[in-house]
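The values are calculated or read from the model by the stated rules, or taken from the named source; none is laboratory data. In this text, all values refer to a predicted model and were calculated from it rather than measured experimentally. Accessible surface is based on the protein model in full, side chains and every heavy atom, while ligands, DNA and RNA are left aside. Shrake-Rupley method; radii C 1.70, N 1.55, O 1.52, S 1.80 Å.
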Amino acid sequence: MTATAELTLTALVAHIRDGDVSAEQATRSCLERIERWNPILNAFVAVDADPPVAQARAAEAARRAGETLPP
């Protein structure tokens, strides 16, 4: 599969909905991409990974519980 950070949002939502990729995996992939490219692009002043990872875990728990998540 293509790296999650390189998927379109529509494709990524489908993979998360189908359980092929967890929300946490997708979030961490994006954070890794930021870490790799930010020294060159200087697009972020600071990145706090804890809140988005916690939100991704909560979304994944809700998905596993059968809740319908918004895109």
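For the reader, a short list of remarks on this structure follows.
- Gaussian network model of the chain, Cα within-10 Å springs - most flexible of L31, L12, L41: L41
- Computed with a 1.4 Å probe over protein heavy atoms only, the accessible surface of the chain comes to 74 Å² per residue.
- Tilt relative to the chain, helix 23-41 - C-alpha long axis, 0 to 90 degrees, to 10: 10 degrees
- Amide proton proximity set for S22, modelled H, under 5 Å, gap of 5+: none
- Taking only protein heavy atoms and a 1.4 Å probe, the accessible area of the range 14-71 is 53% carbon and sulfur.
- Taking each DSSP H run with n ≥ 4 as -39500 (n - 2.57) and averaging over every residue of the chain yields -20000 deg cm²/dmol at 222 nm.
- In plain terms, the bigger the Kirkwood radius, the slower the diffusion; for the chain, with that radius from Cα pairs, at 25 °C and 0.890 mPa s, Stokes-Einstein puts D at 190 µm²/s.
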